[in-house]
Amino acid sequence: MDSLQILLGILSPGVMLVIFAGVLIGIIVGAIPGLNGAIGISLLLPITFTLEPQIGLLLLGGIYMGGMYGGSITAILLNVPGDVVAAPAAMEGYPLTKQGRSKEALYYSIFSSMFGGVIGVLILIFFTPPLARFALQFGPAEMFFIALSGLVVIGALGGNIYKSLFAVFFGLFISTIGVDAITASQRFTLGNINLRSGISVVPVVLGLFCLAEMFLNIGKKANEVVTYKEQNITRMTVIKEILRHKMLVFKGSMIGTFVGLLPGVGTTLAVFLSYGEAKRVSKNPELFENGNVEGIIAAESANNATVGSTMVPLLALGVPGSPTTAIIAGALIIHGIILGPSLFVQRPDVAYTFIFGMMMTVVAMTVIGAFGIKYFAYILKIKMEYIVPTVLVFTLFGAYSLRNNVFDILIALVLGVVGAIFKKTGVPLAPIIIGVVLGGLIETNLVRSLTIANARQVSLLQYMLTNPLAIALLAMVCVIFYVVIKMRMKMKSM
Amino acid sequence: MKKKLVLLIALTLTLSLFAMGCNDNGGEQGAFPNGNIQIIVPYSAGGGGDTVARILADALGDELDVQINVINREGAGGELGIAEIAASDADGYTLGVFGYPDNFVLEHTRDTDFTFDDLEYLAAFDDMPMGIFAGPGSEFETIEDIIAYGEANPGGITIGESGALGLLHVLAFSDHLGIETSPVNFEGGGELMNAILGAHVDLASTSSMSHDPIMDGGGHPIGFAAAERMDMFPDVPTFKELGFDLEMGVSRVLVVPAGVPDEVKTVLTEALDAIGNDPELKERFENAALPYRYLDYDRVNEVLQRSNDTLLPVIESNQQRFE
Amino acid sequence: MITNLLLGTAWVIFSLLAYTRLSSLPAQSAMFPRMTIIGMGVAGVLLILDTLWKHRKGIFKSEITLNREILIFQIMIPSLMLFATYFMLRLIGFYGSSFFLVVVVFLYQTYRSAGVSPGRGQILKSIGVGGIITGSMYVIFTLLLRLPVPSGSLF
């Protein structure tokens, strides 16, 4: 099968229809709070059994791509991130909506997602083998430093420093709840069986962001409500503006690609790293969290870039690094396709159709996004008294469907109250999310490092700094730390 | 306009009332089954156990001519989902699929809400032995290399594992070899694979399903904890041949909560026999790199009981490692 | 300023409570939680000290927008509604309690924002809205996507 045939296959109407359907489903599940790409993919998994493997894969790939973008729509319009990765989009996009610039914010989101998606897929197409080998270099020590860099970035996010400090430790603390993987002892479970499996990040985000926002909306007087304003802005202006920030797009995509390669790290870290970096280099850091498009560009390009790169270790090594890619691996396994280097030799039709087809998912996402924005923005025309109850029931449902567990709804509710109080007392919420995401990563890799260091009879520090890569990463953490401190000093003097 | 609105409202109201009243899980009268069946899987979507459940849901749904939905109820290494299966209504409309002996290991290492006998085991579908693998460029070619190094450096060999059974296998393996090793826990198969292919751990303890990706990545198997050599991988020795009487593996079982009426059980076991002995199902399993072995109702209970008797001493002798 | 001090005190108390729970854990499992708990406590103490210091210097700038009105009407009452919904959900399942939630929130919202008192017409309207929202969720989740929804102990 030569490449021309593969290309013609992708461009056939049937395949294009599947891709568009996948992306549309992805955008919808992404936009609904609590549902995300992974849930959409597991929903449609049974359908792929009856399809040809490469077609089924493209359906799932389309959902994955669309899901990464969809979350930003509700984030920008309602301050309710449909997905964890859209949290920065809410932080920057919603202030823009309040200023009547919702359409502009949505354009920034879709076109940044497009650039990120394209770069991620290009990397998938051209650099899969070397990057997969590179990803293998990351052992416990390296992963620990990566996670640490994510913690340090929090310092750049703004807010009272002590409140941020508390928030991040609170998030880390939440991550320790549950049966610990190393000794299987129960930590802070208060004897509740549901707490044994720990608190995952989705109900936390639903509580802190969605429910807290809706709480504060429920009692709002009419004059405080955001209304829709027609705005004259063309797509070309926005694209040109994004291209003016090409370093931001490039860096966001690179951070997304890099973090996406590493198993178990997750897109959330990439998004916040990129967002923090955008704030660091920005000429107007004080505009952040007041509606700065730079934040949207950085975050949205990063999350869509991870789509391509998380597929790299999956296809090249059979290592699924995230829940989403694990489900995609399951879809391949059922078709009897063995992942790993031999995939490209034994089933080139599947492998190449899939990676080239991923480019079409970006196209489909851009088309749907760029032309749908007019209609998305109509959400703002709906009165708050209809939106609030709708978002509330969707949020309850989303909290449940992550693990089909009613207890997750309770967690979201409790954190909703906490979030509403924190919001009104100036405690930043994003560091809590980062803490929850990174806590497990930091702890497990620290314990793994300790075990291995003990086995090799060296000290922890000796083990952690054997690899040049680890040393380089530690240096990176130190540099970020220094820069953040300097930024804080500058902000204080202003 | 207003009339239309009222009509619409009335319509949706009836619909939602209907939604509230109707229970998806089966009807009240008539022969079993006359409603949707659900299969609870105590793992997240995408893994081996989930794959088995989805293949079975498809085949069994066709056989019984009903819709079968797979519900992933992950958490705490399978504990939450298994507890939910055990606590669900014993009417035959809730089934469970998971990898035995996860329930047995969990029951004896933690304070679980279920026991082995809270479930009724209707059939088993595969038999996947655990194995020990070495990464690319490893100095451990054979089991003798491991013993030699392990005796010289007690605790010096790191073995990556994931899941309750993974750790148990590492401990039993070390016991049989008479050496001390350092188990390193990983959250899932993906992370473990990354660690072994990147040579961050010396060996990995995982099921035979990982054979192909590890070989592809330049690693090699040391041996499988199987009774005899596997048809899929005839070149890999068993620990038995190497002189170590170690057998340990995962077997995906289909269960119902204890107390399901006999007539319902008969319908289910007959349907399971029909699909279980169908070569098409075998082919679908083998396509997915799952070594097929169908055990019917009588045989599965006999085999599991025997396996429990051999596992219990291993768990008990390593009890302190789980606390 | 008082709110900041209360916040700091609450954190310190929370971390002390959590700290007592550590004693029963094996050393390896307690290591990381201990760090996070100490971190929370220290952040609380620092917040108190910082607030007091800034207040003395007269450079205290509050970032707090919480007041009694918000606490009662925008946090406590809405969360009561949601917790009530949660307990209903345990009893009668998802769609019934969603319907209840929509009706209650709709009435409360229109009362607060537009001052519409919940008369007969308004109640009928809220029931209609509840029917539409719950009905369409039923169509999407149960009929189209076949997703499981929480079921209660009664139904």
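Every read-out reported here was derived from the displayed coordinates using simple, explicitly stated rules and does not represent laboratory data. Remember, predicted model here, so these are calculated numbers, not experimental data. As a convention, Cβ positions derive from the backbone with ideal geometry for all residues, glycine included, and neighbour counts pool all protein chains shown.
Data overview
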read-out	value
Burial ranking of peptide ranges B:36-45, B:251-260, A:230-239 (average Cβ count within 10 Å, highest at the top)	B:36-45, B:251-260, A:230-239
For the range A:395-472 versus the range C:57-73, the gap between their alpha-carbon centres in whole angstrom	30 Å
Inter-part distance where the range B:259-297 and the range B:141-211 are each reduced to a Cα centre, Å	33 Å
Simple label model, 7 Å out from Cα along Cβ direction - A:Arg488 to B:Glu283, nm	6.5 nm
Of the DSSP H helices in chain C, those whose Cα atoms cover at least 30 Å axially and whose Kyte score averages -1.0 or more	C:27-57
Descending Cα extents along the principal axes, the range A:1-157, whole Å	51, 43, 28
Fraction of beta bridges assigned by DSSP in the range B:129-224 that are antiparallel (%, nearest 5)	55 percent
Mean projected area (nm²) of the alpha-carbon convex hull when chain B is viewed from all directions	20.4 nm²
Fraction of antiparallel bridges per DSSP, the protein assembly as shown only, in percent to nearest 5	60 percent
Helix B:143-152 vs. chain B, principal-axis angle (Cα, 0 to 90°, nearest 10)	70 degrees
Proxy reagent accessibility, fewest Cβ within 10 Å first, across B:Thr158, A:Thr267	B:Thr158, A:Thr267
Net dipole in debye of the range B:129-224 [+1 Lys, Arg Cβ; -1 Asp, Glu Cβ; about Cα centre; nearest 20]	160 debye
Average beta-carbon neighbours from other chains, 10 Å sphere, peptide B:279-286	1
Unit charges on C-beta of K, R, D, E only; dipole of the protein assembly as shown, Debye	7060 debye
Net length gained if the chain between A:Phe134 and A:Val281 were fully extended (0.36 nm per residue, minus Cα distance)	50.2 nm
Residue (of B:Gly155, B:Asn185, B:Ile143) at the positive-pole extreme of the range B:129-224, dipole from beta-carbon charges	B:Asn185
Spherically averaged projected area of the range A:304-443 from its Cα convex hull (nm²)	12.5 nm²
Exercise: per-residue mean of other protein chain Cβ atoms within 10 Å, C:115-128	1
Global form of the range C:2-57, assessed from the alpha-carbon gyration tensor, a/c cut-off 1.5	prolate
Label-point separation, A:Leu51 to B:Asp62 (7 Å along Cα→Cβ), nm	2.0 nm
Gain in span if fully extended, C:Phe83 to C:Ala10, counting 0.36 nm per residue against the direct Cα distance	24.0 nm
Reduced Cα scattering model of the range A:6-87, Debye log10 I(q)/I(0), q = 0.18, 0.20, 0.25 Å⁻¹	-0.67, -0.77, -1.01
Mean separation of Cα contacts under 8 Å (6+ apart) over length of chain B, as relative contact order %	22 percent
Burial ranking of peptide ranges C:16-24, B:63-71, C:32-40, A:62-70 (average Cβ count within 10 Å, highest at the top)	A:62-70, C:32-40, B:63-71, C:16-24
The range B:129-224 - Debye-derived log10 I(q)/I(0), Cα point model, q = 0.18, 0.21, 0.23 Å⁻¹	-0.70, -0.98, -1.20
The protein assembly as shown: equivalent-ellipsoid semi-axes (sqrt of 5 x gyration tensor eigenvalues, Cα, Å)	43, 34, 29
Averaged over C:67-79, number of beta-carbon atoms from partner chains that fall within 10 Å	5
Electrostatic dipole magnitude of the range A:1-111 [Cβ: Lys, Arg +1; Asp, Glu -1; Cα centre; debye, to 20]	340 debye
The protein assembly as shown: calculated mean residue ellipticity at 222 nm from DSSP helix runs of at least 4, using -39500 (n - 2.57)	-20500 deg cm²/dmol
Compactness of chain A - radius of gyration and Dmax, Cα, Å	21.8, 67
Taking N as its residue count, the alpha carbon Rg of the range A:142-286 over 2.2 N^0.38 Å	1.36
Per-residue ³J(HN,Hα) for the range B:174-188, Karplus 6.51 cos²θ - 1.76 cosθ + 1.60, θ = phi - 60°, Hz, x for Gly and Pro	5, 4, 5, 7, x, 10, 9, 10, 10, x, 10, 7, 10, 5, x
Sum of side-chain charges, A:Leu413 neighbourhood, beta-carbon under 15 Å (Lys, Arg +1; Asp, Glu -1)	-1
Chain C shape via C-alpha gyration tensor axes, a/c threshold 1.5	oblate
Local net charge near A:Gly295, Cβ-Cβ under 11 Å (Lys/Arg +1, Asp/Glu -1)	-4
Within-15-Å neighbourhood charge of C:Ile75 [Cβ basis; K, R +1; D, E -1]	+3
Distance in nm between pseudo-label sites at C:Gln122 and C:Leu52 (7 Å out along the Cβ direction from Cα)	4.8 nm
From phi via Karplus (6.51, -1.76, 1.60), per-residue ³J(HN,Hα) for the range C:148-154 in Hz, x at Gly/Pro	x, 10, x, 10, x, 7, 8
Fluctuation leader among C:Ile77, C:Ile13, C:Ile123 - chain C, Gaussian network, Cα springs under 10 angstrom	C:Ile13
